[in-house]
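Visitor: There's a structure below that I have some questions on.
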Amino acid sequence: MASTLSLHAAPAAGLDQPFELLAACHDRVRRSLDLLSRLVDHVEQHGADAPAAEAARDVLRYFSVAAPLHHEDEERHLLPLLRASEQAPLREVAEQMAADHRAFRALWGGLAAALQQVVDQHTPDEPALRRQAQAFIALHDSHLTMEDRIAFPAAERLAQEWQRHAMSADMATRRGVPPPEGQASV
């Protein structure tokens, strides 16, 4: 049973490729959302057993640690590029991204509490867990598509080389790792 409730693989891109790293993070977000969906089904069928607790721990860890760093990367580096664009649709995308990030934080509070119950092997209110998870997943679906198709390619085109280096260095510093070779810490 545990094999059906597991998460695999970290992003392949490194901090020296900040846009590629952000895109690779989306693969991890999708895997985490898939795990969340399977977890909800599992809890409804088996309750908050040990495999459910481990899966809930993985989902909690990702969306409590990695996802906020990812959103901060976007807010510190992509949103300014998009907001400075001469193209109104790109400025609108930036505002939608920021609004979605606020909505994620609001949705995450209740969902995280329910997942902590599963970690503690207490079965939460199952209909509420399903509703919260579905809302969280649905918002991510549209958000990730917008970023992958519009925001990331546009920001990458708009970014100058010095901005890429600053982005890499900042991402490294906030994660407590050395910046990529040849890129000073900011």
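The values are calculated or read from the model by the stated rules, or taken from the named source; none is laboratory data. Since this is a predicted model, take the numbers as computed values, not measurements. A quick note on method: Cβ atoms are made from the backbone with ideal geometry, for glycine too, and the neighbour counts reach across all protein chains shown.
Visitor: Taking Ala9, is it on the phi > 0 side of the Ramachandran plot and at pLDDT below 95?
Guide: So Ala9 fits the description; yes.
Visitor: Taking the residues in the stretch 112-142 that are within 13 Å of Leu36 (Cβ to Cβ) and polar (S, T, N, Q) as candidates, determine which candidate is surrounded by the fewest Cβ atoms within 10 Å (Cβ to Cβ).
Guide: Result: Gln134.
Visitor: Okay, moving on. What pairs can you find where one residue is in the stretch 155-181 and closer than 26 Å to Val93 by Cβ and free of Cβ contacts under 8 Å to residues at least 24 places away in the same chain, the other is of a type in the set (A, V, I, L, M, F, W, C) and surrounded by fewer than 11 Cβ atoms within 10 Å (Cβ to Cβ), and their Cβ atoms are less than 7 Å apart, with a gap of 6+ or different chains?
Guide: Final answer for the pair search is Ala169/Ala184.
Visitor: Kindly list, by first and then second residue, each pair from a residue in the stretch 13-25 that is touching a residue at least 24 places away in the same chain (Cβ under 8 Å) and within 17 Å of Leu82 (Cα to Cα) to a residue that is in a helix (DSSP H, G or I) and aromatic (Phe, Trp, Tyr), limited to pairs with Cβ atoms under 9 Å and residues at least 6 apart or on different chains.
Guide: The qualifying pairs are Phe19/Phe152; Leu22/Phe152; Ala23/Phe152.
Visitor: Taking the criterion of being among the polar types (S, T, N, Q), in a helix (DSSP H, G or I), loosely packed, with under 14 Cβ neighbours inside 10 Å and without any contact (Cβ under 8 Å) to a residue 40 or more places away in the chain, would at least one residue in the stretch 62-77 satisfy it?
Guide: Taking every residue of the stretch 62-77 in turn, none turns out to be among the polar types (S, T, N, Q), in a helix (DSSP H, G or I), loosely packed, with under 14 Cβ neighbours inside 10 Å and without any contact (Cβ under 8 Å) to a residue 40 or more places away in the chain.
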